[in-house]
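This report concerns only the one structure given below.
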Amino acid sequence: MQAIGSDGDEATMNAIAVSFTSESFVNLLCASHKKENIEYKLKEMKSATPVIRHIVSDIFGTNVDSMLYQKGLIDSETTSEFDSRLRDLKTTWDHLVPTFHAWFVSNESEKFKSHLIKAVTDQAQLDGHFSNNRVESTNNNVKDWVGRSGKVTLPVFNRKVEEYVTCQQQEFEMAIYANGPYDLASTHIYLRKERHIWNGLNAEERKQVIKQFWKSNVQGRKLLDKYLGNLLEEMFEKAEGLLQSQDSILKTPGFEGVYVRHSQKIENVEPHLVTAVKTSGKIKCNNCSVYTALKICAHSIAAGEFYGCLKKFIEWRKKEKHDVDTTNLLIGGIRSGMKGKVKKPRRGGRTPLDKSKPTLVEERRPMVQGSIQTTLDAIDHLDKAEEPFDIIYLFQTRAILCFGCGVKFNREKEQNELVVRHFCEREFTIHGVKKCKSQYAYFHFQVTCIKKKKCRALTKHNLQLPQKQKNHFTPTGKR
């Protein structure tokens with residue numbers, strides 16, 4: 001056992017301490033729970049919402065946008081780095097919330113260094129912060145299935161859980177004959193039985209097909225040897241189509257890489273960022289289940305031809321020793337850009353973690369590094385500053401409608417177009433009751449769309465172009 005994770009519950013922590021020696025495992029705490037606890041503490045200290053957002057970002061980092069991540073205290077790679085960065089934040093925190101820094105040092109700093117920072121999660125061989133959101137999500141799904149009354153006997157509970165597991169297995173198996181909420185990935189399409197064929201099978205024949213389905217996730221190399229020829233042929237055909245299709249490959253000035261968009265038949269999916277190391281021939285395709293499993297995909301092949309290093313990439317892949325992850329390919333679902341999991345309404349639960357990873361990472365600096373007066377001016381700006389209008393690409397968002405004109409964005413045609421993003425208060429109605437919530441609104445890149453809403457005046461002073469977008473424009477365009 002390498003690690004144990006929990007939400008910090010005192011009884012659970014005591015049980016772990018009694019049952020295991022600390023040298024035999026890494027003890028992790030859920031970052032999501034810790035974030036909620038710190039937000040609650042800041043509210044207890046009567047902190048303003050912008051101040052809470054700023055301090056939480058200092059601690060847990062923040063996604064500036066879909067491309068840039070600013071590291072927080074939790075991303076410290078050593079305890080000494082954590083202590084140093086915490087000292088640097090004292091001036092800012094003392095003027096934002098006078099007692100918070102002292103409270104954090106006394107109550108939280110040791111917990112972060114022992115259970116939360118990157119040095120600890122690296123030791124546990126985790127990629128990113130630990131969270132038990134998945135466990136709690138499963139727990140909520142089970143509660144929905146069993147019932148939330150709490151008045152369930154153990155035998156009934158066991159029977160209900162068995163039914164739930166069986167239901168999930170049946171949903172997976174329905175992908176064999178192209179039914180249900182899942183679909184097979186293209187690499188496992190050989191398992192497909194068309195509906196008329198499936199209907200013609202007897203009970204024993206269906207059992208054999210299902211048995212082959214469940215065995216396919218452990219056959220690994222044999223499957224690759226048997227089907228790699230057809231799979232590679234399919235990849236090269238897709239890559240050729242991408243190269244011939246207009247706007248399928250987009251240069252990304254500012255950092256090494258190109259965006260390779262999906263087929264035009266697939267909407268509302270961000271393109272893949274593909275990077276290349278031309279000296280070694282290695283090409284990497286981000287957030288691609290096929291590449292994760294095989295270290296080669298249509299996107300990387302297209303990018304290799306685009307870069308002019310396809311031959312080197314093929315040679316690199318032949319030398320690369322990689323165990324084929326067929327489980328990652330078996331149920332294509334959302335990651336393969338095919339049929340997504342059907343969303344079932346349920347009550348309660350935690351907000352899902354955002355699995356997409358920004359491409360660029362930078363250090364988050366303390367807001368204030370000067371005199372007290374400078375600090376006070378910065379705090380005043382933090383409380384009173386109005387949110388700017390950001391210019392970003394549509395594919396960097398999940399926007400559906402223009403907040404101004406109300407027209408639906410055309411993802412197929414406008415995927416690489418610029419839109420305007422603004423953080424503002426939005427009104428909506430639930431069961432006849434009007435409510436307000438501060439969140440991002442998206443507009444077409446047109447003044448008329450923005451003027452249709454009661455946003456503050458759009459001027460050249462509050463129109464903001466993120467740094468990585470600036471690299472895409474000429475000096476005249478930036479002005």
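The values are calculated or read from the model by the stated rules, or taken from the named source; none is laboratory data. Predicted model, so just to flag it, every value in this text is computed and none were measured. Quick reminder, even Gly has a Cβ in these numbers, built from the backbone with ideal geometry, and neighbours come from all protein chains shown.
Worth a mention:
- Residue match in region 252-267 (condition: at pLDDT below 80, of a type in the set (S, T, N, Q) and in contact with a Phe, Trp or Tyr (Cβ under 9 Å, 6 or more places away or on another chain)): yes
- Just one of the numbered conditions (1) at pLDDT 85 or above; (2) surrounded by 13 or more Cβ atoms within 10 Å (Cβ to Cβ) is not true of residue 219: (1).
- Residue among 94, 127 that is surrounded by fewer than 17 Cβ atoms within 10 Å (Cβ to Cβ) and either closer than 20 Å to residue 41 by Cα or more than 27 Å from the chain's Cα centre (by Cα) (or both): 94
- Scope region 283-297; condition part of a strand (DSSP E or B) and either crowded, with 22+ Cβ neighbours inside 10 Å or aromatic (Phe, Trp, Tyr) (or both); matching residues: 283, 285
- A count restricted to region 428-451 and to residues that are within 29 Å of residue 415 (Cβ to Cβ) and either modelled with pLDDT under 75 or assigned to a strand (DSSP E or B) (or both) stands at 9.
- Of all residues in region 301-312, those satisfying the criterion of being farther than 14 Å from residue 251 by Cα and assigned to a helix (DSSP H, G or I) are 301, 310, 311, 312.
- Note on region 76-173: enclosed helices (runs of 4 or more DSSP H) holding 1 or more residues that are among the charged types (D, E, K, R) are 79-88, 90-96, 109-115, 118-123, 133-146, 154-173.
- Any hit, region 189-196, residues being modelled with pLDDT under 80 and either among the basic types (Lys, Arg) or over 22 Å from residue 288 (Cβ atoms) (or both): no
- Cβ pairs under 6 Å, 6+ apart, first in region 25-38 and polar (S, T, N, Q), second part of a loop (DSSP other than H, G, I, E, B): 32/131
- Just one of the listed residues (142, 152, 105) is surrounded by fewer than 20 Cβ atoms within 10 Å (Cβ to Cβ), within 30 Å of the chain's Cα centre (by Cα) and of a type in the set (Val, Ile, Thr), namely 142.
- Applying the criterion of being of a type in the set (D, E, K, R) and outside any strand (DSSP E or B) to the residues of region 408-427, the residue that is farthest from the chain's Cα centre (by Cα) is 413.
- Going through (1) in contact with a helix residue (DSSP H, G or I) (Cβ under 7 Å, 6 or more places away or on another chain); (2) farther than 24 Å from residue 292 by Cα; (3) among the hydroxyl-bearing types (Ser, Thr, Tyr) one by one, residue 182 falls short only on (2).
- On inspection, residue 226 does not qualify as loosely packed, with under 14 Cβ neighbours inside 10 Å and either at pLDDT 80 or above or under 29 Å from the mean Cα position of the chain (by Cα) (or both).
So that you can scan it fast, the table gives a plain yes or no per residue for (1) at pLDDT 90 or above; (2) out of contact with any helix residue (DSSP H, G or I) (no Cβ under 8 Å at 6 or more places or on another chain); (3) not assigned by TED's automatic domain parsing to the domain that holds residue 422:
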site: 38; (1), (2), (3): yes, no, yes
site: 45; (1), (2), (3): no, no, yes
site: 50; (1), (2), (3): no, no, yes
site: 60; (1), (2), (3): yes, no, yes
site: 81; (1), (2), (3): yes, yes, yes
site: 103; (1), (2), (3): yes, no, yes
site: 110; (1), (2), (3): yes, yes, yes
site: 119; (1), (2), (3): no, no, yes
site: 123; (1), (2), (3): no, yes, yes
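- Close pairs from region 77-92: first over 17 Å from residue 115 (Cα atoms) and in contact (Cβ under 8 Å) with a residue 40 or more places away in the chain, partner assigned to a helix (DSSP H, G or I) and polar (S, T, N, Q), Cβ under 9 Å, at least 6 apart: 91/375; 92/375
- Test: residue in region 72-87 that is within 21 Å of residue 388 (Cα to Cα) and crowded, with 18+ Cβ neighbours inside 10 Å: no
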